[in-house]
Amino acid sequence: MNAAPYTLVIGLEVHVQLKTKSKLFCRCSTEFGRPPNTQVCPVCLGLPGALPVLNRQAIDYAVRTGLALNSEIAKFTKWDRKNYFYPDLPKGYQTSQFDLPICSRGFLDISDSKGAFEPKRVRFIRAHLEEDAGKSMHDEVAGKADSRIDLNRAGTPLLEIVTEPDLRSPQEAKAFLTELRLLLLYLDVSDCNMQEGSLRCDANVNLHIPVDGKTVATPITEIKNLNSFRAVERALTYEASRQWDQWCNDHIAIGGRPKQTRGWDDVQGVTTLQREKEEASDYRYFPCPDLVPVTLTDADLGKARGELCELPAATRTRFVQQYELKEYDSDVIVSQGRELVEYFERAVVAGGPAKRVSSWIQQDILRLLNERQQSLTQLGFSAERLADLTKAIEAGAVDTSRGKEVFAKMLDDAALSVAAAIEALGIKAVDDSELMELCRQLLAENAKAVNEYRAGNAKALGALIGQAKKKNPNADPRKVQDLCKQLIDSGAV
Amino acid sequence: MEWQFASAAEISRQLCSKQVSATEIAKYFLSRISKHNQAFNIFVHVDEELVLKQAAEIDARRAGGDIELGALAGVPVAIKDLLCTTDMPTTCGSRFCEKYVSPYDGTVIAKMRAAGMPWMGKTNLDEFAMGGSTETSIFGAGRNPWDAQRTTGGSSGGSAACLAAGLAPLAIGTDTGGSIRQPAAFCGVSGFKPTYGRVSRYGVVAFASSLDQVGPMAHMVEDLALAMDVISGHDPLDSTSLPHEKPGYTASLSQAPQRFRVGVVREQIESDGLNAEVKQAILRTLDVLKECGADVREVSLPHSKYWVPAYYVIAPCEASSNLSRFDGAHFGFRAEPLEGKKSKSPLVEMYSRTRAQGFGAEVKRRIMLGTYALSSGYYDAYYLKALQVRRLIRQDFDRAFEDVDILVGPTTPNTAFKIGEKVDDPVQMYLEDLYTVGANLAGLPALSVPCGRSQVGLPIGVQFQGRPLDDALVLQIGHRYQQAIGWRPTPAPLS
């Protein structure tokens, strides 16, 4: 990126579907994936005479999100109609918020634990509530121009979050979205599922190019159809180089061409022109006369603030301070979401040594969850049992390597305690004289390995571990290796 | 018995004492409808079977000693064809909805259904309630029973005319700028626009949401009170519905204060546009009111000259958005695609052809006015300015109501005009709303009752306007007035 002859400037518009049970202005369910047009009523179908009634839960979720994003919450907001014709918009207008959004300004800090970019603060312009439109499905098979409309989604509450153009690379954009998603999941206000469309993102992109000591900006394009974080990253990378090539070709700066909307084609890996806007569309916004303004008191905001959970950034810091985790380790756990954070803390509260719990979670629990595509609950290994296991390892009742066997045994039998698993596996501590005898035998039987070690091959003794385990499965591999070295180095063998 | 001379209250009493059955009443009015409807183009939909079935159910319940039956059970009601009903079409007087049947009942309809009021049918109206003469309906102009060459007024012209022709004892209308009161005045009947938010708008096809209000029409104010007891009250399905407890309008009807202060609006009574006969009728009404305990004084509403301009910005703006849903995509009329020609944008073409063919000229005019006024660059000068003026208009009323309890004045500047007389002159037509739109802009309860007839025999209406939520007081004073002049239901003499 540093080598590029331009600065990439990115602002994002993120649409977050709030996970209210019912829609923003009627009682229809918001459940995803039901048969088309089964979750509709006169209100969300926009039938003549139907009137909207606000679902207050959406306001609560928006306020919660706004507070977590360090935004100013408006104590007086209203609803405005955005007028345009489209078949997935049955009323011919979208109920939205125009000049008095529920949240203004705010910021979210992002960083990369591997240092891919400098930590930065991404500022927000606003976040407002609006109703989602329905879905159009265009069947263009064999020249048929058949379009079908599913209005199940129509009226689902959306929070549209708009950032300042503060992002400077595809990596930053991806990191921002990842952190925003994590925050929204912590707040429990959205499912944030990009495939199901409960988190949608459009990007506004252009380049700032130094020319003769001045900065020239290229025309802004808006990229739509970004259906995954990877798509965001790829599309931005593509668009940056596309704009650069275009600039090299025509030297047209911002204002020299209408703003373009481009769609990301994930298969071809390109953005394609969807439309050019000569002038801003006139949506004829005006206050919706069917709804009353929403007012929030200091008490409402105080209550919402009091109910906020600990946010990811705070948890990361606290884990480092309270449990002496490395920043990287803290980040891994926190970034997995609230469920894992709570799991970790429950294990620690139950007596598990924090660092050992952390490393078991990262190396074993997360690996299993990934392999099995399971959730923590589905895995069925309680934090309390993880605490018992790590305690036993810490106390030396079992070594790390046999600990994995204990873990596997406990996973198979949810009722099995650590002690029972240890016993079932025949694990007992081997006393030092017994271990010394075992090592002497080993060295005597493996003169070749001993010679190689003496000749300077430090790894030669590694081959003996397997034999040691055969003689006594409870022999701690590290101790065996250490003892063998001692025996040779001291000249005892 | 000739039931067209009976009030709804009288019919109710006869039903309750089992002097007559709901079926007999329904049959009586059905026979009058079949005799007179065609001449005046009043009902656009009548379902004999349905009304008789509903009436028979009430009779059966009454015979079974059902004590839950309300006062209006079995009293047939005519409904403006702008209220959504599941068992009859809801046409809005428009080609768009010619065949539209709502899958749900509006709140007012549901309340009347629960109260056991049989539907006499749906009444004619200006298309989407946009008009003051019931001439813009696709069903053709409504005719005034007092003079078939004249309009009924509008937009609730059919609901007013069905009373004047004696085709139903009670009707429901809607009033956005005078659409209940003006036709009531033209047809010699009573009509009440309640306080904004007092009656639910859920299931009323919206014209201008911040101005629309449903209300009853009848011969007697007592009938209006009975209907208000049924249709009013808070509705959780309408966010603009008022949460206030509703009073018993009938129970309190005779409790008009012994003394009350009446304000006469200087700008109205002294306006050049006010017909001399109408003015005389109003002055006579004021004399009657003085005998009823009124202390009459003059008040000023300095911004009243801006009522009509402000109204004709705000109402079209809201209408332009409210009527966007009539686009042919999901329900109602859709234009046939052009034969042979392959369009570049079939969707845009479908929209424009559908809306061009589906709406009449007046509706299109208002959609265009509203679209223009909301457009970027014009919004501040028109819509925003109109909202500011609306605030000043409300303040005028607030100030006036510091000194008086009720405003009394003409409902309309003139009596019913001739069909076709103003249809090509929208500004003249809009001036019909000169005295009525104030109550909509300020959300006030307003009542029109007959107060005399012109020399050629055309009805004249007097308007009573009260403070917001003073609906009961307005009805009480209207009732007191009708008692004082010994008013009886007065349908037009039909040949």
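Values quoted throughout were computed directly from the atomic coordinates according to the rules given, and no laboratory measurement underlies them. Being a predicted model, the structure only gives us computed values, none of them experimental. Counting neighbours? That spans all protein chains shown, and the Cβs are built from the backbone with ideal geometry, glycine included.
Take the Cβ atoms of A:Cys309 and A:Lys21, set R0 to 22 Å, and the FRET efficiency comes out at 0.65. Relative to the longest principal axis of the Cα atoms of chain A, the long axis of helix A:477-489 lies at roughly 50 degrees. Each semi-axis of the equivalent ellipsoid for the range B:437-487 is √(5λ) with λ an eigenvalue of the Cα gyration tensor; in descending order they amount to 23, 15, 4 Å.
Label-to-label distance for A:Leu301 and B:Gln357 is 5.5 nm, based on points extended 7 Å past Cα in the beta-carbon direction. Using only Cα coordinates, the Kirkwood hydrodynamic radius of chain A works out to 27.2 Å.
At 1.002 mPa s and 20 °C, plugging the Kirkwood radius over alpha-carbon pairs of the range A:89-165 into Stokes-Einstein gives what diffusion coefficient in µm²/s?
Values: Rh = 15.8 Å.
Answer, rounded: 136 µm²/s.
Amide H contacts of A:Phe286: A:Arg81, each under 5 Å away and 5 or more positions distant or on a separate chain (H built 1.01 Å from N in the peptide plane; Pro and chain starts excluded). Against chain A, whose longest principal axis comes from its Cα atoms, helix A:56-68 is set at around 60 degrees. For the range A:1-103, trypsin sites (Lys or Arg not before Pro) are listed when DSSP marks them as loop and at most 11 other Cβ atoms sit within 10 Å of their Cβ; the list is A:Lys21. Loop sites by DSSP among the GluC sites (Glu not before Pro) of chain B, restricted to those with at most 10 other Cβ atoms within 10 angstrom, leave B:69-244 as the longest stretch without any of them. Once you list every other residue whose beta carbon is under 15 Å from the beta carbon of A:Thr237, what net charge do they have if Lys and Arg are +1 and Asp and Glu are -1? Charge balance near A:Thr237 sits at 0. Helical content alone sets the calculated 222 nm signal of the protein assembly as shown at -11500 deg cm²/dmol, taking -39,500 (n - 2.57) per DSSP H segment of four or more residues and averaging over every residue. Computed over the Cα atoms of the range B:238-354, the ratio of the radius of gyration to the Kirkwood radius (Rg/Rh) comes to 1.24.
For the range A:313-424, the equivalent ellipsoid built from the Cα gyration tensor has semi-axes of 23, 16, 11 Å, listed from largest to smallest.
Computing FRET efficiency as 1/(1 + (r/R0)^6) for A:Gln171 and A:Ala419, where r is the C-beta to C-beta distance and R0 is 56 Å, gives about 0.70. With Rh defined as the Kirkwood radius, the inverse of the mean 1/r over Cα pairs, the Rg/Rh of the range A:118-227 is 1.06. With 10 Å bins beginning at zero, the pair-distance distribution over Cα atoms of the range A:275-357 amounts to 14, 28, 15, 15, 18, 10, 1 %. As a length-normalised measure over Cα pairs under 8 Å and 6 or more apart, the relative contact order of the range B:147-232 settles at 30 percent.
Using 20 Å as the cut-off for backbone N distance, which residues of the range A:197-218 belong to the label zone defined by a point 7 Å from the Cα of A:Asp250 along Cα→Cβ? Within reach of a label on A:Asp250, which here means backbone N under 20 Å from a point 7 Å along Cα→Cβ, the range A:197-218 contributes A:204-211, A:216-218. Normalised by the number of residues in chain B, the mean separation of alpha-carbon contacts (under 8 Å, six or more apart) gives a relative contact order of 19 percent. In chain A, the longest principal axis of the Cα atoms and the axis of helix A:170-187 are about 90 degrees apart. Here the spin labels are modelled as points 7 Å beyond Cα on the Cα-Cβ line, and at B:Lys418 and B:Val348 they lie 4.6 nm apart. Rounded to the nearest whole angstrom, the semi-axes of the ellipsoid equivalent to the range B:87-203, taken from the Cα gyration tensor as √(5λ), stand at 21, 17, 14, largest first.
If the chain linking B:Ile67 and B:Arg113 were pulled fully straight, counting 0.36 nm for each residue of separation and taking away their Cα-Cα distance, it would gain 14.9 nm.
Hey, with R₀ at 25 Å, roughly what FRET efficiency would A:Glu434 and A:Ala395 work out to, going by the Cβ-Cβ distance, to 0.05? Don't jump to the answer; show the numbers that get you there.
Working: r = 20 Å, r/R0 = 0.79.
Rounded to the nearest 0.05, the efficiency is 0.80.
Measuring nothing but how far apart in sequence close Cα pairs (under 8 Å, 6+ apart) lie, relative to its length, chain A scores a relative contact order of 13 percent.
For the range A:432-489, the fraction of alpha-carbon pairs lying more than 19 Å apart is 16 percent, rounded to a whole number.
Extension gain, A:Leu273 to A:Met137, is 46.9 nm, computed as 0.36 nm per intervening residue step minus the present C-alpha separation. Across the protein assembly as shown, Cα-Cα pairs more than 56 Å apart make up 34 percent of the total. Two numbers describe the Cα atoms of the range A:334-493: Rg and Dmax, which are 18.9, 55 Å. The residues neighbouring B:Leu447, those whose beta-carbon lies less than 10 Å from its own, together hold a net charge of +1 under the Lys/Arg +1, Asp/Glu -1 convention. Rounded to the nearest 20 debye, the dipole magnitude of the range A:282-381 is 340 debye, with +1 charges on Lys and Arg beta carbons, -1 on Asp and Glu beta carbons, and the Cα centre as origin. Each label was represented as a point 7 Å from its Cα along the Cα-to-Cβ direction; for A:Asp266 and A:Lys75 these points are 4.5 nm apart.
If eta is 1.567 mPa s and T is 4 °C, what Stokes-Einstein diffusion coefficient results for chain B, Kirkwood Rh from Cα pairs, in µm²/s?
Calculated translational D: 58 µm²/s.
Counting only residues at least eight positions apart within a chain, or on another chain, the lysines with an alpha carbon under 24 Å from that of A:Lys120 are A:Lys174, A:Lys326.
The Cα trace of the range A:7-298 gives Rg and Dmax of 19.8, 62 Å, the first to one decimal, the second as a whole number.
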